[in-house]
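To start, the structure itself, in structure tokens.
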There are 2 protein chains.
Amino acid sequence: MASAPPVGYPPTDRTVPTRSRERAAYDREMVHGILDEGYVCHLGFIRDGAPVVLPTLYARSGERLYVHGSTGSRPLRGARADDGLAVCLTVTHVDGLVLARSAFHHSINYRSVVVHGIAHEVTDPAERSLALDAIVEQAVPGRAADSRRADAKELAATAVIRLDLLEVSAKLRTGGPNDEPEDISLPYWTGVVPVARTYGAPIPADDLDPSIPLPGYLPGRPGK
Amino acid sequence: MASAPPVGYPPTDRTVPTRSRERAAYDREMVHGILDEGYVCHLGFIRDGAPVVLPTLYARSGERLYVHGSTGSRPLRGARADDGLAVCLTVTHVDGLVLARSAFHHSINYRSVVVHGIAHEVTDPAERSLALDAIVEQAVPGRAADSRRADAKELAATAVIRLDLLEVSAKLRTGGPNDEPEDISLPYWTGVVPVARTYGAPIPADDLDPSIPLPGYLPGRPGK
């Protein structure tokens, strides 16, 4: 980076919500933290005048997000145009089910990041290589160096697009239910059920050489 | 329902992927199963010519999906127009991290459903009530009857939109890594790390009457 980015992302018309404004945040560290905890985003774009939302892997590297895919996939083809592809990239973590006494105040605790912008295809070989490593590392840190890197044929079949973190907001809800004062005496259980993404014990491939040990970086391995 | 729907959703240009067609499915039972396992979707729509993707709660009731929100929220206002709001509603479950020997064949196991269509505001009071119950039930089955239903003021503040299941596809990946034959002898661990959404022990609200027991329908309760 040529210079340190400012502390927060400047709010814009698109990133200031019309409701629950107190849940919106623009803090760069918070945004990075939410993005870094995930690896699957929902990428929105417009095709033939209609919205499309597809789940896909992503990675953050500094103030850039990367998404990859087949060179034949629709959003990646769209990003190849000189003016790029307008996208909205959203990452969401569900942290809890919030059970209020009233149906109306039921909610979920969550943390999400919404990024608006124009995605462009990455053509520079060094940046493409960095992005592909980053996408593997985002899901399983430590894995990129412990696998065979893409060869020329695989690289040619892979498109990478970049979305800069410029117009960005986080939104989150935390804490317990917010019941109306007159509901406090109602006879319903109230509280939060925590929700988390967890990892099971790794399942070796059928053809794995049994002399190869379970890598220390794997999520879900016993004792981790 | 006036008549039984056909077994599968008819594929359209929008629901046949350009790549990995073998991963797409149109079976109604499979689509319902994927939708019923979730409660947070990513809703895409167009605002001022640009795509927007927001996480939100949803429910399925037969061949309809419901989403609710404040009457002031942007997508719900858009759905109020006579011609409705073009949306894409996507639900994704991540089931595993797929670690191949080659970086190129890294993937995730997942199940997703993508619904394209026009969302309309629900104004019929009976259908609104059904939809609001369904949204609570989708996340915590058994909860709608064990909470205070919305009163007239709360109902007036809540908008409900409906999206019919007409143009729908599921997409999924299952199984182990698909390495190239020439990579089988490489010295890298290969297999799948299972991923799941799990629930922690319910946390009662500070002001909960301690004589109210933990309901039997709660996820995460001990012994469930």
Worksheet item: GNM, chain B, Cα, under 10 Å: largest mean-square fluctuation among B:Pro51, B:Pro181, B:Pro17?
Response: B:Pro181
Practice prompt. Give the nm distances, rounded to one decimal, from A:Gly33 to the matching residue in every other copy, measuring between label points 7 Å along Cα toward the beta carbon; shortest first.
Written response: 3.9
Discussion item. With a 10 Å cut-off between alpha carbons and a GNM built on chain B, which of B:Arg74, B:Arg19, B:Arg149 moves the most?
Written reply: B:Arg19
Worksheet item: What list of ³J(HN,Hα) couplings, whole Hz, do you get for segment A:14-27 from phi and the Karplus terms 6.51, -1.76, 1.60, once you set θ to phi - 60° and write x for glycine and proline?
Response: 7, 9, 9, x, 6, 9, 6, 4, 5, 8, 8, 9, 10, 5
Practice prompt. Give the dimensionless ratio obtained when the Cα radius of gyration of segment B:88-151 is divided by 2.2 N^0.38 Å.
Written response: 1.76
Worksheet item: So, in Å, what gap is there between the alpha-carbon centers of segment A:14-38 and segment B:184-224?
Response: 26 Å
Worksheet item: In debye, nearest 20: dipole of the protein assembly as shown around its Cα centre with unit charges on the Cβ of K, R (+) and D, E (-)?
Response: 80 debye
Worksheet entry | Dipole magnitude (debye, nearest 20) for segment A:101-224, charges at Cβ of Lys, Arg, Asp, Glu | 240 debye
Worksheet item: Nearest 10 degrees, 0 to 90: what angle lies between the long axis of helix B:125-139 and the longest principal axis of chain B (Cα atoms)?
Response: 40 degrees
Worksheet entry | When the convex hull of its Cα atoms is projected in every direction, mean area for segment A:21-193 (nm²) | 12.7 nm²
Worksheet, complete the sentence: One quarter of the C-alpha convex hull surface, i.e. the mean projected area of the protein assembly as shown in nm², amounts to 23.6 nm²
Discussion item. Give me A:Ser129, A:Ser169, A:Ser107, B:Ser211 sorted ascending by neighbouring Cβ count inside 10 Å, so fewest comes first.
Written reply: B:Ser211, A:Ser129, A:Ser107, A:Ser169
Item to complete: List the distances, in nm and shortest first, from the label point of B:Thr123 to the matching label points in every other copy, placing each point 7 Å from Cα along the Cα-to-Cβ direction.
Response: 5.2
Discussion item. Please report, for A:Gly8, the nm distances (one decimal) from its label point, 7 Å out from Cα along the beta-carbon direction, to the equivalent points in the remaining copies, shortest first.
Written reply: 5.1
Practice prompt. Report the charge-dipole magnitude of chain B in Debye, nearest 20, computed about the Cα centre from +1 at each Lys and Arg Cβ and -1 at each Asp and Glu Cβ.
Written response: 140 debye
Response to the item:
In segment A:21-193, taking the dipole from +1 charges on Lys and Arg beta carbons and -1 charges on Asp and Glu beta carbons about the Cα centre, the listed residue (A:Ile184, A:Ile161, A:Val98) farthest towards the positive end is A:Ile161
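Here, each number is a calculation from the coordinates, and none is a lab measurement. What you see is a predicted model, and the numbers here were worked out from it, not measured in a lab. Don't worry about glycine lacking a Cβ; one is built from the backbone with ideal geometry, like all the others, and counts go over all protein chains shown.
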